[in-house]
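Accompanying notes for the structure given below.
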Amino acid sequence: CEEEMKLAESALRKNPKSYYAWHHRLWVIAKGTTNLKTEIGLCSKYLGYDSRNFHCWNYRRYVMMVGKVPLGEELHFSSSKIDENFSNYSAWHHRSFIIPKLLDSAGKDNIRNLIDEEFSLLQQAFFTDPGDQSAWLYHRWLLGLVIGLGVKKDSKSLTEPKKSTYS
């Protein structure tokens, strides 16, 4: 499998947005013989070259789920990419996979803090570039999530969160 990963990485060096190379890596991971920490490092490397490479973000999400990467680390990583460029829709989108998982395991106070932090980050993005659609799309998603959590209209209090399923 190591040779397979080397082959796929060779293809990625030539074309970091190759569907085939990323899917080949998924195939190798499915065999269960790959160091997933190395794969997260590879993703960080390629997202350092192009932080909007959605092929790499999708692969990273898969590795994150299979490798049980700590969600806080992933949230921090996506924050760093957003800090570099508020217009990075791929980094905002990545958060839409992390936040619900964090909320499922959080207590009421932690939910409120996490949601407040997300809105604060969005506010910074809006002030930085109000015309950029990336943050606005994430904002729309986050509002839908918050409404699903039971935020009452014109209220800052949360009702008990509903358990939900995420794909």
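Taken along the Cα-to-beta-carbon direction at a fixed 7 Å, the label points for Ser80 and Tyr20 span 3.2 nm. Each of Tyr20, Leu75, Tyr49 was scored by the projection of its Cα onto the charge dipole of the chain, and the greatest displacement toward the positive side belongs to Tyr20; charges sit on the C-beta of Lys, Arg, Asp and Glu.
Take the Cα of Leu7, step 7 Å toward its Cβ, do the same at Phe126, and the gap between the two points is 5.1 nm. For region 52-154, with all protein chains in place and a probe radius of 1.4 Å, 55% of the accessible heavy-atom surface sits on carbon or sulfur.
Per residue, how much accessible surface does the chain expose to a 1.4 Å probe? Answer in Å², no decimals. Each step should come with its number before you reach the end.
Working: 9730 Å² over 167 residues.
Ligands and nucleic acids excluded, the figure is 58 Å² per residue.
A 1.4 Å probe, protein heavy atoms only, puts the accessible area of His55 near 20 Å².
State whether region 55-115 is rounded, prolate or oblate according to the following rule on the C-alpha gyration tensor (a ≥ b ≥ c being the square roots of its eigenvalues): a/c under 1.5 gives rounded; otherwise a/b larger than b/c gives prolate, and the remaining case gives oblate. Walk me through the numbers before you get to the answer.
Details: a/c = 2.31, a/b = 1.28, b/c = 1.81.
The shape class here is oblate.
Relative to the current alpha-carbon distance between Asp109 and Ser96, full extension at 0.36 nm per residue lengthens the span by 2.7 nm. Only protein heavy atoms count here; on that basis, with a 1.4 Å probe, His23 has an accessible area of about 110 Å². Here the chain is assigned +1 on the Cβ of each Lys and Arg and -1 on the Cβ of each Asp and Glu. Its dipole about the Cα centre then comes out at about 420 debye.
The string of couplings for region 5-10 from the Karplus curve (6.51, -1.76, 1.60, θ = phi - 60°) is 5, 5, 4, 5, 5, 4 Hz, one whole number per residue in order, with x for Gly and Pro.
Please go through region 56-135 and write out the trypsin sites (Lys or Arg not before Pro) that DSSP classes as loop and that have at most 12 other C-beta atoms within 10 Å.
Working: sites: Arg60, Arg61, Lys68, Lys81, Arg95, Lys101, Lys108, Arg112; in loops: Lys68.
Passing both the DSSP loop test and the Cβ count: Lys68.
The values are calculated or read from the model by the stated rules, or taken from the named source; none is laboratory data. Because the structure is a prediction, the values reported are computed rather than measured. FYI the Cβ positions are ideal-geometry reconstructions off the backbone, even for glycines, and counts take in every protein chain you see. Just the protein is used for accessible areas: all its heavy atoms, side chains included, with ligands, DNA and RNA removed. Shrake-Rupley method; radii C 1.70, N 1.55, O 1.52, S 1.80 Å.
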